[in-house]
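Data block below; observations after.
The values are calculated or read from the model by the stated rules, or taken from the named source; none is laboratory data. In this text, all values refer to a predicted model and were calculated from it rather than measured experimentally. With ideal geometry, Cβ positions are generated from the backbone for all residues, glycine too; neighbour counts draw on all protein chains shown. Calculation scope for accessible area: heavy atoms of the full protein, side chains included, ligands and nucleic acids excluded. Shrake-Rupley method; radii C 1.70, N 1.55, O 1.52, S 1.80 Å.
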Amino acid sequence: MSSSQESVLPPYETEDSQASKLIRKSKESPFVPVGIAGLAAVVGYGLYKLKHRGDTKMSVHLIHMRVAAQGFVVGAMTCGVLYSMYREYLAKSKK
């Protein structure tokens, strides 16, 4: 064993905390938090509607909520990709 006090954790786990990673990722692509918030909103709405679904079967309700959540996340990812392409190609060419 070496006498120096080395960290047991790999360097990639000690450099950044989860909060700093999320803040850095939000600055790089601002639609990541929008996708996370949209997913949370759809899940919250789905839980609310679960109580007041009426005669709708549980499986149909769950499929509708899954499709809504996936659609929101895919839409946010698409907007994020378009934004990053704009920043990379069109914004650089103007400078």
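Computed 3J(HN,Hα) for the range 25-41, one whole-Hz value per residue from the Karplus formula 6.51 cos²θ - 1.76 cosθ + 1.60 where θ = phi - 60°, is 5, 5, 6, 6, 9, x, 8, 5, x, 5, x, 5, 5, x, 4, 5, 5, glycine and proline marked x. Entry comment: accessible area of the range 18-58 is 77 Å² per residue, from protein heavy atoms only and a probe of 1.4 Å.
In the complete set of protein chains, residue-level accessible area for MET77 is approximately 120 Å², probe 1.4 angstrom. Other residues within the sphere of radius under 14 Å centred on the Cβ of VAL60, judged by their own Cβ, net out at +3 (K and R +1, D and E -1).
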